[in-house]
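Taking it in order: structure first as structure tokens, then the write-up.
The values are calculated or read from the model by the stated rules, or taken from the named source; none is laboratory data. None of these values were measured; they are calculated from a predicted model. Positions of Cβ are backbone-derived with ideal geometry, glycine not excepted, and every protein chain shown enters the neighbour counts.
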Amino acid sequence: MSFVDRQTIGKTVRKFRMEIGYSQDSLAKALDCSRSAYSYKENGKCAFSVEDLQLLAVVFNLPLEAFFNPELYPEREIGMRVRRKPVDPPEQVGDLRMEERVLISRLRMLEKKLDSKELIENFWKTIKKELDSLSK
């Protein structure tokens, strides 16, 4: 593996962001920074921190090494485009808030490690219990 500079990592992040249809604003919120600060990082004027890259790896559902070896991760099918300002409650998958998208990404990561049927069943049981307790 050769040295990867901040411009290359920024281009790689942009590639992954565009593949899944996220806006710079939505990822800036996930990284708890302004859109302009995020733009500086993506354009290589500033560097992404390790923590930023770890969070982006979760959001993009990729391993951390994907930012340093993007050629190992060919272009994926582009997912549903998301709106810049999601509505509450979501009417479509594309209207999910960033926290909801991160939750889905984490569930997908777990699904790879666990039996997906067991994971989904346990998830729905937990959600049902929570909803039942709220309605009482």
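For G44, the conditions (1) surrounded by 14 or more Cβ atoms within 10 Å (Cβ to Cβ); (2) part of a helix (DSSP H, G or I); (3) at pLDDT 80 or above are fulfilled apart from (2).
The requirement of being crowded, with 17+ Cβ neighbours inside 10 Å and in contact (Cβ under 8 Å) with a residue 60 or more places away in the chain is not satisfied by Y38. Taken over the stretch 47-57, the residue count meeting the criterion of being surrounded by fewer than 16 Cβ atoms within 10 Å (Cβ to Cβ) and either modelled with pLDDT under 90 or out of contact with any Leu (no Cβ under 8 Å at 6 or more places or on another chain) (or both) is 4.
Which numbered condition trips up L64, out of (1) over 16 Å from R6 (Cα atoms); (2) loosely packed, with under 13 Cβ neighbours inside 10 Å; (3) at pLDDT 85 or above? Unmet for L64, out of (1) over 16 Å from R6 (Cα atoms); (2) loosely packed, with under 13 Cβ neighbours inside 10 Å; (3) at pLDDT 85 or above: (1).
Checked against the criterion of being at negative phi, modelled with pLDDT of 75 or more and loosely packed, with under 13 Cβ neighbours inside 10 Å, the stretch 68-88 has at least one qualifying residue. Reported count of residues in the stretch 54-70, each being assigned to a helix (DSSP H, G or I) and either touching a strand residue (DSSP E or B) at 6+ places or on another chain (Cβ under 9 Å) or closer than 20 Å to G21 by Cβ (or both), is 9. For the stretch 1-26, the set of residues classified as within 12 Å of the chain's Cα centre (by Cα), at pLDDT below 90 and either closer than 15 Å to E99 by Cα or β-branched (V, I, T) (or both) consists of I20, Y22, S23, S26, listed by residue number.
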